[in-house]
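What follows is one structure encoded as structure tokens, with my remarks underneath.
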């Protein structure tokens, strides 16, 4: 009996990277670190290292039939993007295709026309028509956009906590977990917080705290309501631009 082909799919976001190995009916999964942008690098080697970490916990054949990687941090310039595809092929042992994560999310969710919101640490939205033409909304990153994302919710929660502590905002249960999230409220703790190379993912990590608090805390609930409103508006905007 012939050995079935092995295919690998990768979903890489700002907070984590996930890898799925499919060989016939067998499925294996692995996880690696996320990929935030950092000054002075194109991210190729760091992404390859994250994939290598994720692949360390799975069994791979000598040769795989194909690799598809949907990445938040995919290089935008053609040269580094081709270099990344080559590196992933070397790491995993098969031809690799790299794309933005929202394209992989859309294909996995619909495999056809429609609108998909890709929401995690960041936010991206893709609307595709019946002919395969598409338009995107958001994807601006944490400094300029990521409306409704885990980062947006986490940042709003942290800011609400500081406003309450300073007496310029309403009281909120978020002040209690705030100090743990930022490593204390003293100068040294704040400096370590801002120096964290994975600051975006760390801020997004406060989002689950906000979501949990929303059941009993009006401030947290308002943050979640605002995030939902942002996502609804983004979906509507993308759908309105969806090609025929």
Completion exercise
With only helices counted (DSSP H, runs n ≥ 4, each -39500 (n - 2.57)), the per-residue ellipticity at 222 nm for the chain, to the nearest 500, works out to -13500 deg cm²/dmol
Exercise for the section: Under 13 Å from a label point 7 Å along Cα→Cβ of residue 180: give me every residue in the range 103-145 with its amide N that close. Expected result: none
Practice task
Please determine, in degrees from 0 to 90 and to the nearest 10, the orientation of helix 78-92 with respect to the longest principal axis defined by the Cα atoms of the chain, where the helix direction is its Cα long axis.
Solution key: 70 degrees
Problem - Taking 41, 100 and counting other C-beta atoms within 10 Å, the order from fewest to most - result: 41, 100
Handout entry: Within a Gaussian network of the chain (alpha carbon springs, distance under 10 Å), most fluctuating of 49, 62, 25
Key = 25
Completion exercise
Fewest to most Cβ atoms within 10 Å: 178, 193 sort as 193, 178
Fill in the blank from the handout: Among beta bridges assigned by DSSP with both residues in the chain, the antiparallel ones amount in percent, to the nearest 5, to 70 percent
Handout entry: By average C-beta atoms within 10 angstrom, highest first, the peptides 200-208, 134-142
Key = 200-208, 134-142
Completion exercise
Fewest to most Cβ atoms within 10 Å: 224, 118 sort as 224, 118
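No lab work stands behind these numbers, since they all come straight from the coordinates. Predicted, not measured: the structure shown is a model, and the values here were computed from it. Because the Cβ atoms are built from the backbone with ideal geometry, glycine has one as well, and the counts that use them run over all protein chains shown.
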